[in-house]
Amino acid sequence: MKIIGLIGGMSWESSAEYYRIINEEVKKRLGGLHSAKCLLYSVDFEEIERFQTNGEWENAGEKLGDAASSLEKAGAEFILICTNTMHKVVDTIQSKINIPILHIADATAEQINKQEITNIGLLGTRYTMEQDFYKSRIESKGINVIVPNTEEREIVNKIIFDELCLGKIHQESRDYYKSVIQNLIMSGAQGIILGCTEIGLLIKPGDSEVPLFDTTYIHALEAVNLSLKK
């Protein structure tokens, strides 16, 4: 079993989901008292979010790169960045280590292609929905990405940072997300990427008439695949 290195804390609520899913899947596959060999470096999200807000992406990349380096020195054999947004600085992080990073968008695109979906709706932080670093990675796999309109993106982003990252789950926010999903479907989306690792805490499969791709779940399961690969 390869040792998984997790860069978490962005937010810790979704990092806890990573830990749960990975360990449950290892136990499911191996049985008995098996659990995952993993290391977690949990950053202070307040600091990372401040870098985001101020556009100091290079500083954020340096900080997460240091975390990845610490995980490598501690014995991690590959890295998961437990957030979609911070894959914006994946190249900076990778430059500081000699072990691979399992990219969340690549794992997600693989699952979308398995279902032969060519038009996908994307929900996430405004950085993920509006900037190119994530969408282009999905689109490079032959998948067209559709995002909500400007007003919807602002509210989707606000709910993530003001509620989900603080562990707050509100029915009115779930209803709003469901309306945004419906609008994406009407715009041609055949499936929806839950492109923020907290959204899966709010939106469940029954909330959409098209397939949902929960990036936290997909990323965590792909980590188990890699960890147990012989």
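The conditions are (1) over 19 Å from the mean Cα position of the chain (by Cα); (2) in a helix (DSSP H, G or I), and A36 fails exactly one of them. Which is it?
(2)
Out of curiosity, is T128 touching a residue at least 60 places away in the same chain (Cβ under 8 Å) and touching a helix residue (DSSP H, G or I) at 6+ places or on another chain (Cβ under 6 Å)?
Working: touching a residue at least 60 places away in the same chain (Cβ under 8 Å): yes; touching a helix residue (DSSP H, G or I) at 6+ places or on another chain (Cβ under 6 Å): yes.
For T128, the condition - touching a residue at least 60 places away in the same chain (Cβ under 8 Å) and touching a helix residue (DSSP H, G or I) at 6+ places or on another chain (Cβ under 6 Å) - is met.
So G75 fits all but one of (1) crowded, with 24+ Cβ neighbours inside 10 Å; (2) on the phi > 0 side of the Ramachandran plot; what number is the exception?
(1)
Return the pair list, or none, for Cβ contacts closer than 7 Å from residues in segment 135-161 that are under 18 Å from M86 (Cβ atoms) to residues that are open to solvent by 30 Å² or more (accessible area, probe 1.4 Å) and part of a helix (DSSP H, G or I), at least 6 apart or on different chains.
Pairs found: R137/D106; N157/R126.
Enumerate the helices (runs of 4 or more DSSP H) found wholly within segment 112-230, keeping only those where 1 or more residues are open to solvent by 20 Å² or more (accessible area, probe 1.4 Å) and within 29 Å of I99 (Cβ to Cβ).
Details: elements: 126-130, 132-139, 150-162, 171-186, 215-228.
Correct list: 132-139, 215-228.
Output yes when any residue across segment 100-120 is out of contact with any Ser or Thr (no Cβ under 9 Å at 6 or more places or on another chain), over 30 Å from Q190 (Cα atoms) and at pLDDT 95 or above, and no when none is.
yes
Within segment 78-101, which residues are surrounded by fewer than 19 Cβ atoms within 10 Å (Cβ to Cβ) and not in a helix (DSSP H, G or I)?
F78, S95, K96, N98, I99, P100
The values are calculated or read from the model by the stated rules, or taken from the named source; none is laboratory data. Quick caveat: nothing in here was measured; it's all calculated off a predicted structure. Note that we place each Cβ from the backbone using ideal geometry, even for glycine, and neighbour counts take in every protein chain shown. The area values use the complete protein model at the heavy-atom level, side chains included, leaving out ligands, DNA and RNA. Shrake-Rupley method; radii C 1.70, N 1.55, O 1.52, S 1.80 Å.
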